[in-house]
Amino acid sequence: MKVHRDLNHIPAFKNAVITIGSFDGVHLGHKRILRKITQLAADIGGESVAITFDPHPRLVVYPQANDLQLITTTEEKIRLMADTGIDHLVVVPFTIEFSQLNPDEYIEKFIVRHFKPAYIVIGYDHRFGSNRQGDINYLKWHGKASGYDVIEISRQEVDDIGISSTRIRLALAACDIPKANKLLGHHYSITGRVVPGDRIGNQLGFPTANLQLDSPHKLIPPDGIYACLVCHDHQHYRGMLYIGKRPSIRDGGNKVIEVNIFDFNQQIYGDLLRVELIEHLRKDMTFPSLEALKIQLNKDRETTREVFEYRSRQAEEVAVLPEKPFSASVVLLNFNGLKHLREFLPRVLETLPPEVPLVVADNGSTDKSVAFLQQHYPDIRLIELGHNYGFAKGYNLALHHLDDDCYVLLNSDIEPSENWLSPLLEAMQDNPRLAACQPKIKSLKNPALFEYAGAAGGWIDVLGYPFCRGRIFDHCEADEGQYEDTTEIFWASGAAMCVRGSLFQEVGGFDPDYFAHSEEIDLCWRLKRAGYRIEVVPNSVVYHLGGGTLNYQSPFKTYLNFRNSLYSLVKNEAFFRLIWILPLRLVLDGVAGLLFLSQGKWPHIKAIIDAHWTFFPRLPKLWQQRQVLRAKIRQIRQNEAPNLSTGRYSRSIVWDYYVRGRKQFSQLTTKKAQQTQAYEKA
């Protein structure tokens, strides 16, 4: 992360995705916003930029107010934000002159001139400009002329951030340090420079480093003794912190902050120390003599050691999200789908519970879809993307507008059955290891059959060719109740997919280079590499028209399927498998071309050739993506071992289908064929 403090010397940002705020505490709520701008910047090939102010605006606008208590000073904020993955932090000097900019000047002279943003991610209640006259609607209105889009942070998320900050302050005031740390997602810290003291600690056998803070507005917890970690010169030491007026010493009553560092013997006057609070041990006390004080300090030291030993045994996780109600949104991506909106939207709305909203994201339609929605369904949340970004990037951009526990992605040509949504959401709530799931997908044209796009759950074979329980290549089985079990699969269909929101964002979302087709396989593969499960929930049933966006027989679809399948292999498969799978895939793709030749499908042959001509020059970039994704997967990994065995067919589906004549999934389920060996980490 690069830090900039002078607006006149900041670089020319590329496709900047910006957010603005005080970020006091840089707690879990703030980190969700910062992850959002980081991922959005990655999706558009831009840079993520967080903007904050120093000093805090309240100190300038209300200079007489003396009640401001900051969870983090500016320097502490910079350190914490460096760990969030954003590209740039701009610390704007907040002055009287800056505070007097009117809303137009704030947008034109501050935001547009210095940042030229592609996106501004901001809270619904954000106010700016002199007397806080500007609001988010004014910002959106200016965006049309200034070339940026505004992504609104929902009321719930903004409220969560405010509540979290309040709860952190209340927890610190109550000396509940573990609770404050959980809400923060990191240890609450106090940073100061070591200054000379009166060396009474040395006389007692407890030498202390006396801290001088650089901000009078730093929030200091109540007086007492605290178990703490002390960071000096990038090394951590255990210790105990004292905050108080030393009533047993009677030296004038000035409050001091001093820390006794265990197993430490260095001269550090003038050095900077960061003290991270772990637990409150006791309130400040008055002792009748220094000897009595020394006895108590020995007890405090033993208690501190016990705290750390207990924490080591329990391996406590600090970064625990505060509890909140489970939330979900059904998101429908539309491009020139007016016909489907007219036909399917009423049924979708009819089947949704009141607490689950429907969101329509429009990919720059030119067929009056938007006007139809605005006229007939004004209560539906409409996200206008302004351009046809395809399925993958379109959904990525749309989901940046939302902050739900689960996103339910639904094709515009889906007709859901009654109560289709509840089993999916219940499965996601009941199993934290479940990253994504799908319903049973049947054909709308022939309801007795499974539908091509997902059927009863997706599998892939040893060479990376996808197929489904109930559909192998173009052969769709009749649904005779043979796949009624909720079971683990390899990939869930993008036609009707329920995916955990945080994991979708943290693992990188869909790959926008795919445009459409196979992006859900790539996403699920990454999630399984991180140790999560993908399931089919047959209690939920939907009916799919199929080919509503791109006909199944389209040469362009053939191109995307062959190209994207190769992309997924390179990004996800273990290296020692790739060295033999890729050459074999080239041969089999050539065989597929011969099959199209026998059928006289010349455009499809060209599509396969074009797919390979696109794939090979892109290999270096794919390999680079592979390394980036591996780092993302490590950050969210649940287990050391990936979860790749279930849903992976250990043979070639091409061979079994075309040579051995096995056209139904049930014919593949011999013990030897279906029990695949555990795949090593990719």
Just to be sure before I move on: is Arg113 modelled with pLDDT under 95 and loosely packed, with under 15 Cβ neighbours inside 10 Å in the structure I sent? yes
Residue list for the stretch 69-105, restricted to those being buried (at least 16 other Cβ atoms within 10 Å of the Cβ) and either aliphatic (A, V, I, L, M) or on the phi > 0 side of the Ramachandran plot (or both): Leu70, Ile71, Ile78, Leu80, Met81, Gly85, Ile86, Leu89, Val90, Val91, Val92, Leu101
Name the residue, out of Gly394, Gly457, that is of a type in the set (Gly, Ala, Ser) and at positive phi. Gly457
Quick test for you: out of Val150, Val91, Val194, Val121, pick the one residue that is within 30 Å of Gly45 (Cα to Cα) and in contact with an Asp or Glu (Cβ under 6 Å, 6 or more places away or on another chain). Val91
Does Leu425 meet the test of being in a helix (DSSP H, G or I) and either charged (D, E, K, R) or farther than 16 Å from Asn363 by Cβ (or both)? yes
Count of the stretch 396-422 residues which are closer than 23 Å to Asp485 by Cβ and either under 17 Å from the mean Cα position of the chain (by Cα) or not in a loop (DSSP other than H, G, I, E, B) (or both): 6
For Cys175, indicate whether it is hydrophobic (A, V, I, L, M, F, W, C) and at positive phi. yes
Quick count over the stretch 452-486, residues being of a type in the set (Ser, Thr, Tyr) and more than 15 Å from Gln438 (Cα to Cα), is 1
Would you point out the residue of the stretch 287-312, among those that are surrounded by 11 or more Cβ atoms within 10 Å (Cβ to Cβ) and among the polar types (S, T, N, Q), that is nearest to the chain's Cα centre (by Cα)? Thr304
Take residues that are outside the structural domain of Tyr395 (by TED's automatic domain parsing) and basic (Lys, Arg) and tell me which of the helices (runs of 4 or more DSSP H) falling wholly in the stretch 1-99 contain 1 or more. 28-43, 57-61, 74-81
Matching entry among Ile177, Ile153, Ile168 (being outside the structural domain of Ile71 (by TED's automatic domain parsing), surrounded by 15 or more Cβ atoms within 10 Å (Cβ to Cβ) and farther than 22 Å from Asp284 by Cβ): Ile168
Specify which of the listed residues (Asp125, Asp87, Asp149, Asp83) is closer than 25 Å to Lys2 by Cβ and either modelled with pLDDT under 90 or of a type in the set (Gly, Ala, Ser) (or both). Asp83
Considering only the stretch 233-259, how many residues are modelled with pLDDT of 85 or more, out of contact with any Asp or Glu (no Cβ under 9 Å at 6 or more places or on another chain) and under 18 Å from Pro196 (Cα atoms)? 4
(1) buried (at least 16 other Cβ atoms within 10 Å of the Cβ); (2) in the same structural domain as Arg32 (by TED's automatic domain parsing); (3) over 29 Å from the mean Cα position of the chain (by Cα): which one isn't true of Ala227, the others all being true? (2)
Quick one: which residue in Glu302, Glu306, Glu316, Glu276 is under 19 Å from Gly185 (Cα atoms), modelled with pLDDT of 90 or more and out of contact with any helix residue (DSSP H, G or I) (no Cβ under 7 Å at 6 or more places or on another chain)? Glu276
Identify all residues within the stretch 175-198 that are farther than 24 Å from Gly270 by Cβ and either among the charged types (D, E, K, R) or more than 25 Å from the chain's Cα centre (by Cα) (or both); write none if there are none. Cys175, Asp176, Ile177, Lys179, Lys182
What's the number of the condition Phe391 fails, among (1) touching a His at 6+ places or on another chain (Cβ under 9 Å); (2) modelled with pLDDT under 90? (2)
Selection from the stretch 462-478 of residues that are touching a strand residue (DSSP E or B) at 6+ places or on another chain (Cβ under 6 Å) and over 25 Å from Arg626 (Cα atoms): Cys468, Gly470, Arg471, Cys476, Glu477, Ala478
Listed residues Asn131, Asn137, Asn202, Asn210; which is without any contact (Cβ under 8 Å) to a residue 60 or more places away in the chain and at positive phi? Asn131
Conditions (1) in contact with a helix residue (DSSP H, G or I) (Cβ under 9 Å, 6 or more places away or on another chain); (2) assigned to a helix (DSSP H, G or I); (3) at pLDDT 85 or above; (4) within 27 Å of Val331 (Cα to Cα): number failed by Ile581: (4)
Single match in Leu373, Leu382, Leu358, Leu409 (criterion: in contact (Cβ under 8 Å) with a residue 60 or more places away in the chain and either outside the structural domain of Leu40 (by TED's automatic domain parsing) or over 30 Å from Gly46 (Cα atoms) (or both)): Leu409
Which of (1) within 28 Å of Leu183 (Cβ to Cβ); (2) touching a residue at least 24 places away in the same chain (Cβ under 8 Å); (3) of a type in the set (D, E, K, R) does Arg58 not meet, given it meets every other one? (2)
Looking at (1) within 23 Å of His517 (Cβ to Cβ); (2) surrounded by fewer than 23 Cβ atoms within 10 Å (Cβ to Cβ); (3) more than 20 Å from the chain's Cα centre (by Cα), find the lone condition where Val359 falls short. (3)
Considering residues of the stretch 615-665 that are part of a loop (DSSP other than H, G, I, E, B) and among the small types (Gly, Ala, Ser) only, the residue surrounded by the most Cβ atoms within 10 Å (Cβ to Cβ): Gly647
If I go through the stretch 22-68 residue by residue, how many of them are in contact with a strand residue (DSSP E or B) (Cβ under 7 Å, 6 or more places away or on another chain) and at negative phi? 20
Being touching a Lys or Arg at 6+ places or on another chain (Cβ under 9 Å), closer than 21 Å to Ser165 by Cβ and among the polar types (S, T, N, Q): is that true of Thr74 here? no
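The values are calculated or read from the model by the stated rules, or taken from the named source; none is laboratory data. Remember, predicted model here, so these are calculated numbers, not experimental data. FYI the Cβ positions are ideal-geometry reconstructions off the backbone, even for glycines, and counts take in every protein chain you see.
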